[in-house]
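This report concerns only the one structure given below.
The values are calculated or read from the model by the stated rules, or taken from the named source; none is laboratory data. Nothing here was measured: the structure is a model prediction, and the numbers come from that model. Note that we place each Cβ from the backbone using ideal geometry, even for glycine, and neighbour counts take in every protein chain shown.
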Amino acid sequence: MRKGITWIWGCLCMLQGMPLQAEDSVGMQTAARYPIVMDKPAPGFFEGALLGNGGMGVVVTTRPDAVCLHFGHNNVWDIRVTENHQDKIGTFAEVFRKASLLPDSLPSIHHDKEFSDYLSLTADNYRSPYPRPFPCGTLLLGFDRREVELLGYSLDISDGVCHISLSVGGERHELLVYTDMEKDEAWLVLTDGQGRPAASCFNRLRVIPDPSTPGDIPRYRVWESGENRLGFYQELPYSTVQPRPEKDKAFALQVYAGQRLERGQRTTTLGIKENLADMERYVPSSREPFCVRVALREGMVTDVQGRMVRDLEPSVEEARKSEERNRGVWKRYWGCSSVSLADKDLEEIWYRNLYFFNCALRPGATCPGIFANWSYGNIGTAWHGDYHLNYNTQQPFWVTFSSNHLDKNLVYADLVDHLLPVSRKWAKEYYGMRGAFFPHSAYPVEMNLHPYPVPDWGWEVFETPWMVQGLWWHYLYSGDTDFLRRRAFVPIRDAVLFLTDYMTRKEAHGEEWGDDRYHIFPSVPPELYGLQPGFKFNYDTQIDLALAKFVFKAYLEAVEILDLRKEERHLVRDVRHVLERMPDYPMYESEKYGRIYVSVPGERDEIVYNVPANLTHVFPGEEYGLSAPDSIRQWLLNTCQAHQNEGGNDIVFLNLQKSRLGILDLETFKRQVRYATLPGGTVTDAVLQIGGRYNDLTDYMYMGGMGVWFENFALPAVINECLMQSYDGQIRLFPNWDKASDASFRTLRARGAFLVSASLRDGEVQPVEVYSERGGICSVRNPWPGCRVQVEGLVRGNVKEGAEITFRTESGKTYILRPLEGR
């Protein structure tokens, strides 16, 4: 598939004495086996090929008469925000008092008119159409169907090059399309059947501003320079109500063609001549190689205007340089970790989703929202395309740890920094408490108010510890104490401050509870119940307890690591006191399934979940897993058996929980992924059953048309957990794997900053390699039960025995574990 572009680059390298690209890495070679192929025109957004450099995203669609590139960018948003009713929202104490007075007999809180009106008022700001991702326009290349036929495309996920196949006068041509991985640019190069640069087969070029552009902001301005440069400039005002020009942003989409473009006319069905559209031009015949360069500029108004004057050269040589840089970027990316699996379906899931993940985010760019950097019209704007902190925002970053892409988690750390000021403000002014309370929904724009201060999902307490959990994981997997000190400790401490204040309120502790526990009250389980009259299902939810315990323990450990005992002694005392008096996880005695965990006290075994909220102490709480005591493990297995899930928010979450318990059926997992996979290769949120929020008239794929679900790029994390686990500090190899299926992996990351490589062949684990980045104690569950183990790399005491192999490591050193004959 790459022969065309490689031939061009090879010729140019020989002419200039430049070396050819080095041999692909194993990971890059394996990724190349899984192109996304469409053997026909693919005009729909979700049939298109996804490209991206982590900031800019491009969807390449193909029509029978044209090729279209739809542009988006993580940094480009309609930045206006509605923050009305600030004087009417009140405080938590005031709203809690009103909620406490609602009669228990009401069917719901909406049946009290005064409270229902208040709920509507607090949701009013969120009903505004902005903020939202702002699509950045489309480049269209048209051709005469009498001379050119669109055959299909093949997207090479190893290097991000989309090969569009065309029949030109009966001869095969390829249009190569790719994004520059270091600059917000896209390249289009046409080659013939021998891979040589080819003259244009296109007769029309058009730049189209997005059709969903609001009418209440400044109209785009056409940009034209010379005979081969065309595009537009769009301002994005900070506010249209109270203008602040110094805060306005903008973007520009600029197309640089390698040949002259001409104005002209077309004939309508009435036989009348009409001029081409504003940014539409004919592409006259030329012998010059067809090459187009597209630049997307974004930022503050003055910055964008200044950068628009730059002249870019759309030459095959410049395209070659971009492609060479790209291959280096992709080679380094695939070199971070790799898997080689006999099960090719799982291997494909792993590589494809890590490809999409790299296209979707990069350090320095805005953290992607629900639908990342791909948008067109209203696609990508549901729920504002924002941050939902009840799992959607956290989930995609789960893959960064075990897959050894920690640099990507810095994007998440930046998001925490962005949200911290408004979260502190809300904790202080709304709750009257210390620390920070993170919002249910949030935007990548300037905020003075929680976007969704509604006392249902807006009262989900667990979102605060959950938001900072990824910072602690970053430390655990990297061993980077500087990151812990500079980036992680303060947000973790803020979450702990809020939780201790919230749990030690008189309403959450005391005689009326009939115990000495500190309760999390009120709160709301994820995607269930909402706020109830009498607070029926609004206290001590499993996920609240699990994540509160997680962050309390993380804080206490961080204090020790950073040697802050003296400075933190008062808060440490309070945390330990509360931690010792946490409520037990809610349970239910099921007649059919036995003793099971439930998401909240009072829940039974007939509930249909959305988020798998009754297994959160397994994950993300990480309190239980393969090492759970036998009695608890049985309850966990009972819970899994009883669990019903409506689908949509489970495809990564629930399957990861099951893998942590070693009970994930990988065949079932593959079938679910196949069911939810769209034509373009991404996995959507798909409905599985009725009984919860869905009924027999529900379109089971209704979420598939909303956008590209960024969260599901975490699917490789599920596979990683089947290959290796280290959640409790002990490395377990192939804990959820059919030993009859060969598998190997390179440099998956374990807690303690260990990079682990292992293989399973003919049912036996082969010698294991452990690279220690930071030094420290390494613990490995003996992969050869009953055998002694030799640890190569230790100076002395290199023979270990027992179920747990533990040894001290040195920073920067590799250790090989081998079984010794005899028992």
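Going residue by residue through region 448-456, is there one that turns out to be touching a strand residue (DSSP E or B) at 6+ places or on another chain (Cβ under 7 Å), at pLDDT 95 or above and either closer than 23 Å to GLN657 by Cβ or not aliphatic (A, V, I, L, M) (or both)?
Checked against the condition, which is being touching a strand residue (DSSP E or B) at 6+ places or on another chain (Cβ under 7 Å), at pLDDT 95 or above and either closer than 23 Å to GLN657 by Cβ or not aliphatic (A, V, I, L, M) (or both), region 448-456 yields at least one hit.
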**Asked** So how many residues does region 350-372 have that are buried (at least 24 other Cβ atoms within 10 Å of the Cβ) and not in a helix (DSSP H, G or I)?
**Response** 6
**Item:** Filter result for PHE290 (at pLDDT 95 or above and outside the structural domain of LYS247 (by TED's automatic domain parsing))
**Value:** no
**Fill in**
Exactly one of LYS344, LYS331, LYS321 is farther than 30 Å from ALA717 by Cβ and charged (D, E, K, R), and that one is LYS321
**Complete:** Taking first residues from region 794-812 that are within 14 Å of GLU769 (Cα to Cα) and second residues anywhere that are exposed (fewer than 12 other Cβ atoms within 10 Å of the Cβ) and at pLDDT below 95, the pairs with Cβ under 8 Å that are 6 or more apart or on different chains are PHE807/GLY797
**Asked** Which of the residues spanning region 373-400 are more than 13 Å from the chain's Cα centre (by Cα), crowded, with 22+ Cβ neighbours inside 10 Å and not in a loop (DSSP other than H, G, I, E, B)?
**Response** TYR376, ILE379, HIS384
**Message:** Restricting to region 299-342, and then to whatever is in a helix (DSSP H, G or I) and small (Gly, Ala, Ser), can you tell me which residue is surrounded by the most Cβ atoms within 10 Å (Cβ to Cβ)?
**Reply:** ALA319
**Request:** Select, from LYS549, LYS553, the only residue that is buried (at least 18 other Cβ atoms within 10 Å of the Cβ) and within 17 Å of LEU497 (Cα to Cα).
**Result:** LYS549
**Item:** Selected residue (criterion: farthest from GLU114 (Cα to Cα)) from residues of region 44-99 that are among the polar types (S, T, N, Q) and surrounded by fewer than 24 Cβ atoms within 10 Å (Cβ to Cβ)
**Value:** ASN75
**Message:** Being over 23 Å from HIS388 (Cβ atoms), in contact with a helix residue (DSSP H, G or I) (Cβ under 6 Å, 6 or more places away or on another chain) and in a loop (DSSP other than H, G, I, E, B) is the filter here; which residues of region 482-520 pass it?
**Reply:** TYR518, HIS519
**Fill in**
Counting only residues in region 595-627 that are aliphatic (A, V, I, L, M) and in contact with a Phe, Trp or Tyr (Cβ under 9 Å, 6 or more places away or on another chain), the one nearest to SER523 (Cα to Cα) is identified as VAL600
**Message:** Under 7 Å between Cβ atoms, which residue pairs at least 6 apart in sequence (or on different chains) link something in region 484-502 that is in the same structural domain as VAL461 (by TED's automatic domain parsing) and more than 23 Å from MET582 (Cβ to Cβ) with a partner that is polar (S, T, N, Q) and part of a helix (DSSP H, G or I)?
**Reply:** none
**Message:** Any residue in region 383-406 that is over 18 Å from ASP685 (Cα atoms) sitting within a Cβ distance under 7 Å of a residue that is of a type in the set (S, T, N, Q)? List the pairs, counting only those 6 or more apart or interchain.
**Reply:** THR400/ASN409; SER402/ASN720; SER403/SER337; SER403/ASN720; ASN404/SER337; ASN404/THR747; LEU406/THR400; LEU406/SER478
**Fill in**
The residue from CYS359, CYS367 that alone is outside the structural domain of LEU141 (by TED's automatic domain parsing), in contact with a strand residue (DSSP E or B) (Cβ under 6 Å, 6 or more places away or on another chain) and modelled with pLDDT of 95 or more is CYS359
**Request:** Filter region 179-218 for residues that are surrounded by fewer than 19 Cβ atoms within 10 Å (Cβ to Cβ) and acidic (Asp, Glu) and give the result.
**Result:** GLU182, ASP192, ASP216
**Request:** Go through region 112-143 and give me each residue that's surrounded by fewer than 18 Cβ atoms within 10 Å (Cβ to Cβ) and without any contact (Cβ under 8 Å) to a residue 60 or more places away in the chain.
**Result:** LYS113, GLU114, SER116, ASP117, SER120, LEU121, ASP124, ARG127, SER128
**Request:** Just name the residue that is nearest to the chain's Cα centre (by Cα) out of those in region 437-489 that are of a type in the set (D, E, K, R) and crowded, with 22+ Cβ neighbours inside 10 Å.
**Result:** GLU463
**Asked** Name the pairs: first residue in region 461-473 and closer than 11 Å to TYR391 by Cα, second residue at pLDDT 95 or above and part of a helix (DSSP H, G or I), Cβ to Cβ under 6 Å, at least 6 apart or on different chains?
**Response** PHE462/ILE543; PHE462/ASP544; PHE462/LEU547; TRP466/LEU547
**Message:** Criterion first (of a type outside the set (A, V, I, L, M), in contact with a Gly (Cβ under 9 Å, 6 or more places away or on another chain), closer than 30 Å to GLY72 by Cα and assigned to a loop (DSSP other than H, G, I, E, B)) does GLY662 satisfy it?
**Reply:** no
**Request:** Kindly indicate which of ASP192, ASP248 is in contact with a His (Cβ under 7 Å, 6 or more places away or on another chain) and among the acidic types (Asp, Glu).
**Result:** ASP192
**Request:** Test GLU347 against the stated conditions and say whether it is in contact (Cβ under 8 Å) with a residue 24 or more places away in the chain and surrounded by fewer than 18 Cβ atoms within 10 Å (Cβ to Cβ).
**Result:** no
**Prompt:** Before we move on, is GLY137 under 26 Å from the mean Cα position of the chain (by Cα) and at positive phi?
**Reply:** yes
**Request:** Determine if region 402-410 includes at least one residue that is under 19 Å from the mean Cα position of the chain (by Cα), among the basic types (Lys, Arg) and either assigned to a helix (DSSP H, G or I) or surrounded by 23 or more Cβ atoms within 10 Å (Cβ to Cβ) (or both).
**Result:** yes
**Prompt:** How many residues, within region 75-100, are in contact with a Phe, Trp or Tyr (Cβ under 9 Å, 6 or more places away or on another chain) and assigned to a loop (DSSP other than H, G, I, E, B)?
**Reply:** 10
